[in-house]
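Right, one structure below, let's go through it.
The values are calculated or read from the model by the stated rules, or taken from the named source; none is laboratory data. Just so it is clear, the model here is predicted, and its values are computed rather than measured. We place every Cβ from the backbone using ideal geometry, glycine too, and count neighbours over all the protein chains shown.
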Amino acid sequence: MKKISFLLTLFIPFLSFSQIGGNTTFALLDLTYSARSAGLGGDFITAKDEDLNLTIANPSLYNSKMHNHIGFNQALLAGGVNYGMVNYARAFKNSITGGASLRYVNYGKQEMRNEAGTSIGTFTPGEFILGAGMAKQLNPQISIGANVNLIYSQLAGYNSFGGSIDLAGTYELEKANLLVTALVKNAGYQFKSYTKDNRSNLPTEFQLGVSHKLKHAPFRFSILAHHLNTWDLTYNDPTLKPTIDPLTGDTIPVKVAGFGKKLAHHFTYQIEILISKNIHFRTAFDYHRRQEMSVAAKQGLAGFSTGIGLYFKRFSLDYGFVVYSSAGYNNMLTLTTNLDKWRK
């Protein structure tokens, strides 16, 4: 317990860098690059197995089971926009495992217009993250890890460059099928801004996750607490004004979120159903996403996500489906393989 407290103490200084939606730069840092994570709500940081794709979000999950594994991840979006990731992991001596990754966002061909609205050609904006990570297994229960990322963004005639780090610690009690992890993600700096003297913060976030797999049933339940460095994630419409009750003449104040609703915005609920060694089903619910993204007149399945994993002898195939609103969703595919299994 002393070691866990020490790890958490290391993360606390980063909490002061909290910024969310619209106030930060390099939004591609917050994209979901793994189909398994997509099916489990977008951020899944509480499973320590062979899936190297989870280490992009939580570097303390690197372990020797990932040795010589390579992953290919691709989002399937409309309008010519696409993003994805290629990553690789390798185990070293002294209980150290590391890896490298390349993440990209391609916005497709865009039309360029001047201030009069006249077309003056086309451009193809894009953004990239080149990253490397490593984890150390301190003892059978505790591991710590870090990712270092270089970020480049090119949007028409504007470009920006920055760097970020992720720091994480994981405690796993294998006999009890229990895993607890703490994570600070996207702590960093924009070295070069798009325009002079207009530097922005990165979307730094503190997360805690807990998972438990039932001993005699094929279920893994996980709870993710996100944006813990920002208490109030609710939105208050600035155009709303107090109204007058026509019967009593009393002033009716604008309704604001109470303690319970503010607390609910911080949690994502995740379930993996391990049907067999070869087939896994997943589903999750993110209350914050539902409140932020759903259409008021038709909420539908906003905030829900689902997915499936198929595991074969030489490779695994994962699919994730995220519902943002009745008007928007995301499909994600992941192909992962162990290169050693293709050798004769």
*How many residues are small (Gly, Ala, Ser) and either modelled with pLDDT under 95 or surrounded by fewer than 22 Cβ atoms within 10 Å (Cβ to Cβ) (or both) when one looks only at the stretch 200-220?*
2
_Total residues in the stretch 226-245, condition touching a strand residue (DSSP E or B) at 6+ places or on another chain (Cβ under 9 Å), assigned to a loop (DSSP other than H, G, I, E, B) and hydroxyl-bearing (Ser, Thr, Tyr)_ = 1
*Sort out which residues of the stretch 136-151 are more than 19 Å from the chain's Cα centre (by Cα) and either part of a strand (DSSP E or B) or farther than 29 Å from Lys65 by Cβ (or both), and write them in order of number.*
Lys136, Gln137, Ile142, Ser143
*What residue, among those in the stretch 271-317 that are in a helix (DSSP H, G or I) and either out of contact with any strand residue (DSSP E or B) (no Cβ under 7 Å at 6 or more places or on another chain) or not aliphatic (A, V, I, L, M) (or both), is surrounded by the most Cβ atoms within 10 Å (Cβ to Cβ)?*
Arg289
*Working carefully through the options Ala116, Ala78, find the one that is over 21 Å from Glu205 (Cβ atoms), without any contact (Cβ under 8 Å) to a residue 12 or more places away in the chain, under 22 Å from the mean Cα position of the chain (by Cα) and not in a strand (DSSP E or B).*
Ala78
*Residue count for the stretch 318-344, restricted to those that are modelled with pLDDT of 90 or more, surrounded by 17 or more Cβ atoms within 10 Å (Cβ to Cβ), of a type outside the set (A, V, I, L, M, F, W, C) and within 18 Å of Gln74 (Cβ to Cβ)*: 6
_Taking the criterion of being out of contact with any helix residue (DSSP H, G or I) (no Cβ under 9 Å at 6 or more places or on another chain), outside any strand (DSSP E or B), of a type outside the set (Lys, Arg) and farther than 30 Å from Gly133 by Cα, would at least one residue in the stretch 195-206 satisfy it?_
yes
*Which numbered condition trips up Lys255, out of (1) over 26 Å from Leu317 (Cα atoms); (2) in contact (Cβ under 8 Å) with a residue 12 or more places away in the chain; (3) surrounded by fewer than 10 Cβ atoms within 10 Å (Cβ to Cβ)?*
(2)
*If you scan the stretch 81-93, which residues turn out to be touching a residue at least 12 places away in the same chain (Cβ under 8 Å) and within 23 Å of Arg343 (Cα to Cα)?*
Val86, Asn87, Tyr88, Ala89, Arg90, Ala91
*Within the stretch 165-179, identify whether any single residue is surrounded by fewer than 17 Cβ atoms within 10 Å (Cβ to Cβ), modelled with pLDDT of 95 or more and in contact with an Asp or Glu (Cβ under 9 Å, 6 or more places away or on another chain), and answer yes or no.*
yes
*Is there any pair linking a residue in the stretch 318-344 that is outside any strand (DSSP E or B) to one that is among the hydroxyl-bearing types (Ser, Thr, Tyr), with Cβ under 9 Å and at least six apart or on different chains, and which?*
Ser326/Ser294; Leu339/Tyr88
